[in-house]
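Engineer: Quick one: the structure is below, and I'll ask about it shortly.
Nothing in this text is a laboratory measurement; each read-out follows from the coordinates by a stated rule. As the structure is a prediction and not an experimental result, all values here were calculated from the model. Here the Cβ is made from the backbone with ideal geometry for all residues, glycine too, and neighbour counts use every protein chain on show.
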Amino acid sequence: MATQITEPSDEELIERIARQDRAAFDLFYKRHEKHIYFFIQKKLNDSFEAYDILHEVFMEIWRKADRFEGRSKVSTWFFGIAFNKTVDRIRKKMPDQFSEDDNEDIVDEEVLNPMELVGATEEATLIAKCIEALKATQRAVVQLAFYEDMSYPEIAKIIGRPEGTVKTRIFHAKQALKLCISKFTGDRS
Amino acid sequence: MTDTAKDLEQLLPFYANGTLEGIEKEAVEKRLQEDEAFRLELDYLKALRANIKAEDMGQSPGELGLARLHKAIDADANVGNLPKPPANENRFWRIAAIAATIALIFALSVQLYAPITGSDDYVTASGTTKVEGPVFQIFFEAEGNQGAISSLLAAEKLTIIEGPTEIGYYRVAAIEKLSNNTRQELLARLNASPLIQEALAE
């Protein structure tokens, strides 16, 4: 009878990392680094800085794995670390991008410079360009909801804001994306 | 739009990604049965999600990033293992620190009051060629031979201005100014080269 080898869960890996198990750390890195890097890079649009933050995130995972209490999913924990480090970096570079005074009731009508869309003829490219044009706060929730398929309570924990804010942010992001896409496709439906 | 209708609209993205549960999920499904526009909105969100999910995550630091982490973890461990200096050594270090501070203040004051004659322009590592183009950070493949790398740099009109840095990359600059598009195309060519592990624009 063939023996079934099961991959260790994230929780098991974190327990082992807390005991300074390098092999567990390497496996955890290989499992998640691409997603975390992509998440950071999407918000910063700077691959070099994203690489730096990715490094800081994994160093924090290595150093603080023993403090993970299992009250949330492991992914919620490490995306939270990545989010906070990215926000800190953006705050230093572009303070207006993460202003806590954002009025969530105002639909963000920021649109792209038409010249940026000259080459964006394919739908996927157009959507990607419109997502880039969102505010960093909205881009984060869109990515967590649609790329990582997270629930709104999980996203609320990651970004450290109330659940209502997450729902409002994604609602406004959706409206802004619709507006952006329709402007360049002429589709008003 | 009523508050309830707005609430349901705000929940729809989480129905589309399959994370909605319980009463909220039932409420959304009830409205979907009754409201054609709401169903169209769900189709739009599903298409949007499919599009976002189809996006290629592109290159990530991969093994290179892991090697850098190993190095940092080793350095952490070494710091933790260092023996504490005996108490009587503190006095020496205090004197050394004071001397170093005085030297630093002197050096800074010389720099501050010296006439400004230089510029921020980069020159090649050999100090011979002035470069005007954008700067890239390049991690070369360990197996790449020097001749092939030199040929690649020459063909792309690039020159090394610094490196290797502590984490192993070279800073390489285009000799001529480049438009944004040309810069992006050059970056893509560099990343596609078998001699290069990763190239990043500064």
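Engineer: Of A:LYS34/A:LYS73; A:LYS43/B:LYS177; A:LYS167/B:LYS25; A:LYS42/A:LYS183, which ones are farther than 21 Å apart at the Cα?
Structural biologist: Check vs 21 Å cut-off fails for A:LYS43/B:LYS177; A:LYS42/A:LYS183.
Engineer: Step through the residues of region A:44-54 one at a time and calculate ³J(HN,Hα) from phi using the Karplus curve (6.51 cos²θ - 1.76 cosθ + 1.60, θ = phi - 60°), rounding each to whole Hz and writing x for Gly and Pro.
Structural biologist: 9, 6, 8, 5, 5, 5, 4, 4, 4, 5, 4
Engineer: Sticking with this one: If we count every other residue with Cβ under 14 angstrom of B:LEU20's Cβ, Lys/Arg +1 and Asp/Glu -1, where does the sum land? Write out the running numbers ahead of the final one.
Structural biologist: Working: positive: A:LYS167, B:LYS25, B:LYS30, B:ARG31, B:LYS46, B:ARG49; negative: A:ASP149, A:GLU154, A:GLU163, B:ASP7, B:GLU9, B:GLU21, B:GLU24, B:GLU26, B:GLU29.
Local charge sum for B:LEU20: -3.
Engineer: Something else now. With θ set to phi - 60°, apply the Karplus curve 6.51 cos²θ - 1.76 cosθ + 1.60 along region B:24-38 and write out the HN-Hα couplings as whole Hz, x wherever there is a Gly or Pro.
Structural biologist: These are the phi-based 3J(HN,Hα) values: 5, 5, 5, 5, 5, 5, 5, 5, 4, 5, 9, 10, 4, 5, 5 Hz.
Engineer: Mind listing the long-range amide H neighbours of A:MET150? Cut-off is under 5 Å, sequence gap 5 or more, other chains count too, H placed in the peptide plane at 1.01 Å from N.
Structural biologist: A:ALA145
Engineer: Karplus couplings for region A:155-170 from phi (6.51 cos²θ - 1.76 cosθ + 1.60, θ = phi - 60°), rounded to Hz, Gly and Pro as x?
Structural biologist: Here the 3J(HN,Hα) series is 4, 4, 5, 5, 8, x, 10, x, 4, x, 5, 4, 5, 5, 4, 6 Hz.
Engineer: For the residue pair A:ASP21 and B:ALA27, what label-to-label distance in nm results when each label sits 7 Å from Cα along the Cα-to-beta-carbon direction?
Structural biologist: 4.3 nm
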